[in-house]
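The structure appears right after this line, and notes come after that.
Bear in mind that the values in this text are calculations on the coordinates, not laboratory data. Predicted model, so just to flag it, every value in this text is computed and none were measured. Note that each Cβ is placed from the backbone with ideal geometry, even for glycine, and that neighbours are counted across all protein chains shown.
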Amino acid sequence: GVAFEHLLVSSPKPGVGLVQLNRPKALNALCTPLILELNSALRTFQSDKTIGAIVLTGSEKAFAAGADIKEMKDLSFADAYGNDFIENWSDLVTFLKKPLITAVNGYALGGGCELALMGDIMYCSNTAVFGQPEIKLGVIPGAGGSQRLTKAIGKSRAMECILTGENILAKQAGEWGLVAKVFESPQECVDGAVKMAEKIAGFSQIAVKAAKEVVNKSQDLGIREGVEFERRVFHGLFGSRDQKVGMGAFAAKQKPEWTHE
Ligand code: CO8
């Protein structure tokens, strides 16, 4: 595969793509070259037909300690706005049609927390520390945190986090439903994420793609339009081969052999 400076990329199980942020000297601070590499690695997995789900993680110490403050500190308004600073971050969620699981150990601060929130499923271990400390730097979240964190944990809790810069610890993240599961150790968190990704990758990629698409629509649409959208996509799946494979296998008491068509 391609060698990256700030990432480790592998496929630890059939159907699973694993991307590990690897910039230990800066606690995986998300400098522009790292974000470009991440986009590239995710695009490669997106177009690889053998990959059904992707896991994104960091190190034991840090998922990512935020955008790179040293890179940002001297930017002018024209640099930031004129050059669409961090605009390419949002690519991550818009082009990725395959499920993304984010597995958080250690610090997920600022842009690191926002990146974790871009996952379709988020897991963490008991070492995880989430936070939006931008207020302490004289700015605000800039990669979707104010919107995604608020959707995830509710307005009052998100306001408290964003206005005070106070961190949210793993246990709290579990109780508030910020994450789907809190694992006992960093290794178990990554292994657990890979295991769930393998499970997802074992289903029809057509159905998985549709499932992700309809759930994500719930974040943008009202319930009525959302349910209508779901119904259209559900009906559409009767045009897929895998609907016949799946239901036919059930009726015949056999295991389905997915065609991904
Ligand atoms: N950017 C650049 N370098 C960083 C960052 C960062 N975000 N975080 C850590 N580092 C570097 C440190 O400078 C240090 O480098 P060096 O050894 O050269 O001094 C190295 O990583 C290790 O860090 P520490 O020595 O500080 O490690 P500690 O264990 O003592 O502390 C902390 C860990 C608490 C995580 C601490 O490093 C910290 O507070 N980091 C900054 C966290 C932060 O404020 N993050 C938010 C950044 S702002 C942001 O993300 C904006 C969002 C996105 C969009 C912006 C749009 C405009």
| said: Restricting to Cα pairs below 8 Å that are 6+ residues apart, what does the relative contact order work out to for the chain? Please round to a whole percent. | reply: 17 percent
| remark: Net charge (Lys, Arg +1; Asp, Glu -1) of residues whose beta-carbon lies under 13 Å from that of VAL245, VAL245 excluded, is 0
| task | Let me know the Kirkwood hydrodynamic radius for region 129-219, please, with Cα pairs as the basis and the value in Å to one decimal. | result | 15.2 Å
| remark: For region 205-251, the charge dipole (Cβ of Lys, Arg +1; Cβ of Asp, Glu -1; about the Cα centre) points to a positive end, and the Cα of ALA210, PHE229, GLN243 closest to that extreme belongs to GLN243
| remark: Around PHE4 (Cβ within 11 Å, Cβ-to-Cβ, excluding PHE4; K/R +1, D/E -1) the net charge comes to -1
| note | Fewest-first ordering of VAL227, VAL104, VAL194 by Cβ atoms within 10 Å yields VAL227, VAL194, VAL104
| field | Rg/Rh (Cα only; Kirkwood hydrodynamic radius) as it applies to the chain | value | 0.99
| said: Just to confirm the number: angle between the C-alpha axis of helix 205-217 and the first principal axis of the chain, 0 to 90 degrees, nearest 10? | reply: 50 degrees
| Nearest-ten-degree value, helix 223-236 long axis tilted from longest Cα axis of the chain | 40 degrees
| Fluctuation leader among ALA210, ALA251, ALA53 - the chain, Gaussian network, Cα springs under 10 angstrom | ALA251
| remark: Once phi for every residue in region 64-81 is put through the Karplus expression 6.51 cos²θ - 1.76 cosθ + 1.60 (θ = phi - 60°), the whole-Hz ³J(HN,Hα) values, with Gly and Pro written as x, are 6, 8, x, 4, 7, 5, 5, 6, 7, 4, 9, 5, 8, 4, 5, 4, 6, 6
| message | Could you identify which residue out of ASN167, ASN83, ASN126 has the top mean-square fluctuation in a GNM of the chain using Cα springs shorter than 10 Å? | response | ASN83
| said: So if each residue of separation counts as 0.36 nm, and I subtract the Cα-Cα distance between GLU228 and GLU60, what length gain in nm does that give? | reply: 56.2 nm
| Long-range lysine pairs (8 or more apart or interchain), region 102-261, Cα under 21 Å | 25
| field | Helical contribution to [θ] at 222 nm, DSSP H n ≥ 4, -39,500 (n - 2.57), averaged over the chain, rounded to 500 | value | -12500 deg cm²/dmol
| query | Of MET118, MET72, MET196, which has the largest mean-square fluctuation in a 10 Å C-alpha GNM of the chain? | reply | MET72
| task | Could you state the angle between the C-alpha long axis of helix 241-251 and the longest principal axis of the C-alpha atoms of the chain, as a value from 0 to 90 degrees rounded to the nearest 10? | result | 60 degrees
| said: What is the sum of charges, Lys and Arg at +1 and Asp and Glu at -1, for the other residues whose Cβ falls under 13 Å from the Cβ of ASP48? | reply: +4
| message | Run the Debye formula on the Cα coordinates of region 188-261, all scatterers equal and no solvent, and tell me log10 I(q)/I(0) at q = 0.14, 0.28 1/Å. | response | -0.57, -1.14
